[in-house]
Amino acid sequence: MVTTSRSLSRRSVLLGGGVLLGALTGCGVPAAHVPAAERAAADLSRREKRLTWANWPLYIDTDEERPSRRPTLEAFERRTGISVEYVEEINDNDEFFGKISPALMNRQPTDRDLIVISDWMCARFVRLGWVQEMDRSRQPNVTKYLDPLLRSPAFDPGRKFTVPWQSGITGIAYNRRRVGREIRSVSDLWAPDLKGRVTLLSGVDEAFALLMQGNGIDITRWTADDFHTVCDQVEKQVAKGQIRRFTGNDYIKDLSSGDVLACQAYSGDVIQLQADDPDIEFVVPEEGAELWSESLMIPNLARHKANAELLIDHYYDPEVAAELAAWVNYVCPVPAAQDVLASSDDEETAALAEDPLIFPDAAMRERLAIARDIEPGERQEFARRWNKIVGL
């Protein structure tokens with residue numbers, strides 16, 4: 001088994017780009033929207049057996065002895081004869097948006113056939129009409145094996161434009177030995193003995209859902225009042241000195257050192273931390289936690305759409321999904337991969353099948369939900385208020 005840590009900026013902080021996005025996806029630039037009839041280019045897939053795929057660093061399996069090799073990707077190339085140019089160029093959702101949005105806005109090709117970005121950013125691409133609907137007749141594995149929990153987010157009902165690459169959970173991480181008791185609820189973060197040793201995520205898109213769930217809110221249909229209630233609560237905790245700081249993925253360092261005892265965290269990070277410190281726990285609170293994805297999309301005017309659709313389906317073969325899950329350690333969007341890992345002759349690999357942070361068990365699944373994203377008309381107001389609290 002090979003594992004690696006998540007890219008430090010993969011679900012990165014929403015800075016000023018949030019305001020830009022709010023203006024662009026709202027009424028400020030109506031010409032940015034591309035109607036369905038103008039999204040497709042002539043597909044050269046049959047003649048040109050290739051495609052270009054943009055992804056995040058450290059987000060695919062590699063060969064332990066030869067890191068430049070990617071076994072699951074090479075298997076696709078051998079099976080189909082399609083050559084894949086795999087580019088690790090996405091380090092931040094907003095940064096990548098800025099990189100390719102001029103082309104998409106102006107009805108020009110991006111020179112990429114497949115991209116992977118966080119679902120909250122995917123929502124903007126879908127609303128703007130910047131991505132193409134996929135042909136599920138070329139994707140029988142996606143149709144059959146995609147996790148039911150991920151099949152119909154509010155921003156893309158039925159997943160017509162997006163397919164999850166990997167998924168994860170935003171919950172609570174804490175050091176059980178140092179805290180000396182269990183943490184089970186969002187409200188436990190506000191306990192007096194944790195004063196000054198709690199962190200929250202700084203990005204508004206990353207932070208708000210879990211905090212709302214702590215208030216008993218259904219995050220699939222939250223309201224502006226729910227958002228402002230959370231902000232009021234967080235402001236009070238900041239004033240009391242309960243919250244040490246707001247972080248990106250650097251909470252990992254704080255939790256490992258003991259400077260922080262409990263924090264908002266991503267499930268994939270905690271799997272890596274537990275390898276070095278088994279006292280670190282990840283909790284899906286009693287009130288629930290947010291299930292999120294980073295998803296594959298085919299941008300407008302991609303010249304190898306059919307090839308990209310075949311590649312996506314390749315990764316929904318349970319055997320392939322299992323191989324990838326064993327390496328990246330995120331929540332696998334293909335539940336059928338669990339049985340593949342469980343049957344492995346390698347003891348350590350087989351044990352991954354029982355890890356609820358890769359394959360959530362039934363009890364955990366009941367407490368997971370995909371939050372509706374912040375809509376264009378809300379973003380500027382919400383980002384301004386949240387960023388003022390965070391100090392951005």
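The values are calculated or read from the model by the stated rules, or taken from the named source; none is laboratory data. Predicted model only: the values in this text are computed from it and were never measured. Methodologically, a virtual Cβ is constructed for each residue, glycine included, from the backbone with ideal geometry; neighbour enumeration extends over all protein chains shown.
In summary, GLN166 fulfils each of the numbered conditions (1) in contact with a Phe, Trp or Tyr (Cβ under 9 Å, 6 or more places away or on another chain); (2) in a loop (DSSP other than H, G, I, E, B) with the single exception of condition (2). The combined condition, being of a type in the set (A, V, I, L, M), at negative phi and not assigned by TED's automatic domain parsing to the domain that holds GLU381, is fulfilled by VAL163. Within the range 205-256, being touching an Asp or Glu at 6+ places or on another chain (Cβ under 8 Å), assigned to a helix (DSSP H, G or I) and aliphatic (A, V, I, L, M) holds for ALA209, LEU210, MET212, ALA224, ILE252. Scanning the range 102-128 for residues that are over 25 Å from SER167 (Cβ atoms) and of a type in the set (Gly, Ala, Ser) yields a single hit, ALA103. For beta carbons closer than 9 Å, sequence separation of 6+ or different chains, a first residue in the range 224-244 that is touching a residue at least 40 places away in the same chain (Cβ under 8 Å) and closer than 18 Å to CYS263 by Cβ and a second that is surrounded by 16 or more Cβ atoms within 10 Å (Cβ to Cβ) and of a type in the set (Asp, Glu), the qualifying pairs are ARG244/ASP254.
Is there a residue in the range 305-324 that is closer than 19 Å to VAL163 by Cβ and free of Cβ contacts under 8 Å to residues at least 24 places away in the same chain? Yes, because at least one residue in the range 305-324 is closer than 19 Å to VAL163 by Cβ and free of Cβ contacts under 8 Å to residues at least 24 places away in the same chain.
Do we find a residue being within 16 Å of the chain's Cα centre (by Cα) and either of a type in the set (A, V, I, L, M, F, W, C) or farther than 26 Å from ASP269 by Cβ (or both) anywhere in the range 127-144? So far as the range 127-144 goes, no, none of its residues is within 16 Å of the chain's Cα centre (by Cα) and either of a type in the set (A, V, I, L, M, F, W, C) or farther than 26 Å from ASP269 by Cβ (or both). Listed by first and then second residue, the pairs linking a residue in the range 50-72 that is closer than 13 Å to VAL84 by Cα to a residue that is of a type in the set (Lys, Arg) and assigned to a loop (DSSP other than H, G, I, E, B), with Cβ atoms under 7 Å apart and 6 or more places separating them unless they lie on different chains, are THR52/ARG112; ALA54/ARG112. Look at (1) more than 19 Å from the chain's Cα centre (by Cα); (2) over 30 Å from SER187 (Cβ atoms); (3) not aliphatic (A, V, I, L, M) and you find that ASN175 fails only one, number (2). Is one or more of the residues making up the range 126-136 farther than 17 Å from MET297 by Cα and touching a strand residue (DSSP E or B) at 6+ places or on another chain (Cβ under 7 Å)? No, the range 126-136 contains no residue that is farther than 17 Å from MET297 by Cα and touching a strand residue (DSSP E or B) at 6+ places or on another chain (Cβ under 7 Å).
To keep it simple, each residue is scored yes or no on (1) under 18 Å from the mean Cα position of the chain (by Cα); (2) surrounded by 15 or more Cβ atoms within 10 Å (Cβ to Cβ).
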residue	(1), (2)
GLY168	yes, yes
ILE183	no, yes
ASP188	no, yes
ALA191	no, yes
THR199	no, yes
LEU210	yes, yes
ARG221	no, no
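For the range 239-280, the tally of residues that are surrounded by 21 or more Cβ atoms within 10 Å (Cβ to Cβ) and of a type in the set (D, E, K, R) stands at 1. Looking only at the range 58-94, count how many residues are at pLDDT below 95 and either over 23 Å from ALA322 (Cβ atoms) or among the hydrophobic types (A, V, I, L, M, F, W, C) (or both). Within the range 58-94, residues that are at pLDDT below 95 and either over 23 Å from ALA322 (Cβ atoms) or among the hydrophobic types (A, V, I, L, M, F, W, C) (or both) number 5. The residue pairs whose first member lies in the range 334-355 and is touching a residue at least 12 places away in the same chain (Cβ under 8 Å), whose second member is of a type in the set (A, V, I, L, M, F, W, C) and assigned to a loop (DSSP other than H, G, I, E, B), and whose beta carbons are closer than 6 Å, counting only pairs six or more residues apart or on different chains, are GLN338/PHE359; GLU348/MET1; THR349/MET1; LEU352/ILE358.
Taking the range 300-392 as the region of interest, the helices (runs of 4 or more DSSP H) fully inside it that hold 1 or more residues being over 26 Å from LEU149 (Cα atoms) and outside the structural domain of ALA103 (by TED's automatic domain parsing) are 376-390. Does ALA42 qualify as being over 28 Å from ALA322 (Cβ atoms), hydrophobic (A, V, I, L, M, F, W, C) and not in a helix (DSSP H, G or I)? Yes, satisfied.
For the condition within 20 Å of the chain's Cα centre (by Cα), at pLDDT 95 or above and within 23 Å of LEU291 (Cβ to Cβ), GLU354 does not qualify. Checked against the criterion of being modelled with pLDDT of 95 or more, of a type outside the set (D, E, K, R) and part of a strand (DSSP E or B), the range 155-163 has at least one qualifying residue.
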